[in-house]
Amino acid sequence: MSTPRFIKNHEALVANGEQLEVRAYRDLLLRALDAATDAFMPENALHAHMSVDGQVLHVQGQKWYLPEFEHVYVVGAGKAAGSMAEAVEDILGEVITDGVVLTRPGNYHTKRITLVKLDSDSKESVRLRESKKLLGLAKKAGKGDLVISLFSGGGSSLFEVPLKGIAIAEIQKTNHLLQDAGASIEDINTVRKHLSQVKGGKFAEVIAPATGITLLLSNVAGDSVQVIASGPTTGDATTPRDALFILEKYFLNGKVPHVIAEVLQQGNDARAVLEVPYISNIVIGSNRLCLNVVARKLREHNIAVFEVTNQLRGEARDVGEAIARMVAARARHVLPTAFLFGGETTVTVTGKGKGGRNQELMLSLAAALAKAKFPHPYVALGFATDGHDATDEAAGAIIDHKTAERAAKAILSPERYLANNDSFTFFDRLGDL
C-alpha cells in the first residue's frame, strides 16, 4: 500500500487501536480519508474539471471560446484560493491578462496572478486595502472581457469591503457572536452579505458587463452557491430583514455593535436579487466528492457502505448522540458496515476549552455509544475537509470502542470535556487528533 500523504500522524493513530482488528479498520478509514483529501486538493479538483482544448475553455461541460475575450482576469479569495490560482495559471498560462487572489500564507508559484497572503493576524487596514485592490481589478473588466473568480472556504473573511460606516472589526465581532451562539454557516453568511459591498451578489455587479466564471470549492452542507464564501457572484434570496431576524433568533440584538443593527434597519425594505445570468457559478469540489471517494475505497475492501446524508446539520453534541442512536439501531449486519455523513454541524460555546465541531461530535459520539453499552467493535472519524477543525493544529479526531475505556484509565471525563467545549484537549491527551 502507498504511504498516506496528508495525515501526518497516520501510524500513531493506527497504533492507538488496542486490538488488531481495530488497528486494521483505523488504517483503512484513514487511507480512505487520505484518498478523499487528495481528490479534494484544489489543484486536483481544478485539473479534473477545467481544461483547454485548442482555443476552447471547458469547465464541467460548459464551453467558452477564448479568442472572443480581449482580456482574461483572475480574482478570488479563500484558504485554498492560492492553490486554485496556481492550477488555473497552469491551465491557461499566457491567456491570463492579470490577477489578484487573496489567500492564506503558503508556498505558491504564479507569474501572472498576484497572490496576497493574509492570515488571522493581518491588520484590518491591510485586509481592506488588498480587498479593494481585488475589487479594482474586477472593475477594469469590460463587455469583451472574461473574469474567472476562485472562491473557497475562508473567502468570506479574506475578501471584505464593508458598507459605508462599518468597520471590518465590527463585522468580525458580529461573526464571533453568531458562531459562539451556535449559528449555522447559512445564518452567519446571511448576516455577512448585508453588511458588505462584495457579498450576496454585489461582486457580480462589479464584474458586469464582463462574462464571469466562478469556480467554487465548497465547505458548506448542500453546496449552495449562495452560501459558499457568502455568494459574491450569485443571486441572493435573502434580505436585510432576514439578517435582522437571525440576530433576534440568537438573542444578539443588544450585543452586536450598534452600527450593525442600524445599517440592517436602513436596508430593511431591500429586495432579493435572484438572477445573475452573465456569470456561471460552478462547484468543482465538495463534501459530496469526499464522501464518494471514501465510499468507493471502503467498498473495495468489502465494507457495506450506507451514505446517510451530505447535509448533516445541528448542534455537534446532539448530532453525535443522534448518530449513536441510529448506529445502535442498525448495526446488525453480517458484513462490516460503514455509515457516512457529510455536512456542517455547529457548536454553541459555553465553556472555555478548545476544539472544533468535528472533535466535539466525535467526543459526543464516543460518550453516547459507551453509555449505551454498544456491543460491537467500531471506529469513527470526524474530519474537516479543509484541514482546519476550528484550529490549524487538528483537522478532526478518531475514536473507537475503547476510547471511553482509555479515557477512564487516563482520568479523562468525556462529559466534563464536552461541558467545557474542550474536545481538543481530550483527544490530544489520548493521541487521537
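Among 340, 381, 361, which is the only one that is touching a helix residue (DSSP H, G or I) at 6+ places or on another chain (Cβ under 8 Å) and part of a helix (DSSP H, G or I)?
361
Being closer than 23 Å to residue 205 by Cα, in a helix (DSSP H, G or I), in the same structural domain as residue 167 (by TED's automatic domain parsing) and among the hydroxyl-bearing types (Ser, Thr, Tyr) is the requirement here; does residue 125 meet it?
Judged against the criteria, residue 125 is not a match.
For residue 181, state whether it is in contact with a Leu (Cβ under 8 Å, 6 or more places away or on another chain) and surrounded by fewer than 23 Cβ atoms within 10 Å (Cβ to Cβ).
Against the criterion (in contact with a Leu (Cβ under 8 Å, 6 or more places away or on another chain) and surrounded by fewer than 23 Cβ atoms within 10 Å (Cβ to Cβ)), residue 181 qualifies.
Select, from 392, 386, the only residue that is under 24 Å from residue 338 (Cα atoms) and in a loop (DSSP other than H, G, I, E, B).
None of the others qualify; the one that does is 386.
Quick one: in the stretch 1-50, which of the residues that are within 21 Å of the chain's Cα centre (by Cα) and among the polar types (S, T, N, Q) is surrounded by the fewest Cβ atoms within 10 Å (Cβ to Cβ)?
44
Residues to consider are 126, 100, 116, 147; find the one that is within 21 Å of residue 211 (Cα to Cα) and without any contact (Cβ under 8 Å) to a residue 40 or more places away in the chain.
Only one candidate qualifies: 100.
Go through (1) under 23 Å from the mean Cα position of the chain (by Cα); (2) crowded, with 19+ Cβ neighbours inside 10 Å; (3) closer than 23 Å to residue 224 by Cα and name the single condition residue 147 misses.
Result: residue 147 passes all but (1).
For a quick check of your reading of the model, give me the residue pairs whose first member lies in the stretch 295-318 and is touching a residue at least 24 places away in the same chain (Cβ under 8 Å), whose second is exposed (fewer than 15 other Cβ atoms within 10 Å of the Cβ) and not polar (S, T, N, Q), with beta-carbon atoms closer than 6 Å and at least 6 apart or on different chains.
Hits for this filter: 304/333; 304/335; 305/299.
Only one residue in 156, 120, 152 is exposed (fewer than 15 other Cβ atoms within 10 Å of the Cβ) and of a type in the set (S, T, N, Q). Which one?
120
Among the residues of the stretch 72-110, what is the count of those that are under 17 Å from residue 48 (Cβ atoms) and either among the hydrophobic types (A, V, I, L, M, F, W, C) or outside the structural domain of residue 135 (by TED's automatic domain parsing) (or both)?
Selection size over the stretch 72-110: 7.
Going by the conditions given, is residue 119 touching a Lys or Arg at 6+ places or on another chain (Cβ under 9 Å) and under 22 Å from residue 153 (Cβ atoms)?
yes
Among the residues of the stretch 226-248, which ones are surrounded by 23 or more Cβ atoms within 10 Å (Cβ to Cβ) and either on the phi > 0 side of the Ramachandran plot or basic (Lys, Arg) (or both)?
The answer is 229, 230, 231.
Check whether at least one residue in the stretch 105-114 is closer than 29 Å to residue 383 by Cβ, among the basic types (Lys, Arg) and touching a helix residue (DSSP H, G or I) at 6+ places or on another chain (Cβ under 8 Å), and report yes or no.
Within the stretch 105-114, not a single residue is closer than 29 Å to residue 383 by Cβ, among the basic types (Lys, Arg) and touching a helix residue (DSSP H, G or I) at 6+ places or on another chain (Cβ under 8 Å).
This table checks each residue for (1) aromatic (Phe, Trp, Tyr); (2) modelled with pLDDT of 90 or more; (3) buried (at least 23 other Cβ atoms within 10 Å of the Cβ); (4) more than 22 Å from residue 21 (Cα to Cα).
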residue: 352; (1), (2), (3), (4): no, yes, no, yes
residue: 360; (1), (2), (3), (4): no, yes, yes, yes
residue: 373; (1), (2), (3), (4): no, yes, no, no
residue: 426; (1), (2), (3), (4): yes, yes, yes, yes
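Filtering the stretch 275-293 down to residues that are touching a strand residue (DSSP E or B) at 6+ places or on another chain (Cβ under 6 Å) and part of a helix (DSSP H, G or I), which residue is surrounded by the fewest Cβ atoms within 10 Å (Cβ to Cβ)?
Looking at the filtered set, the residue picked out is 288.
Does the stretch 351-373 hold any residues that are of a type outside the set (Gly, Ala, Ser) and either closer than 14 Å to residue 414 by Cβ or without any contact (Cβ under 8 Å) to a residue 24 or more places away in the chain (or both), and which are they?
Hits for the stretch 351-373 are 359, 360, 361, 362, 363, 365, 369, 371, 373.
The values are calculated or read from the model by the stated rules, or taken from the named source; none is laboratory data. This is a predicted model, so every value here is computed, not measured. Please note: Cβ atoms are built from the backbone with ideal geometry, for glycine as well, and neighbour counts cover all protein chains shown.
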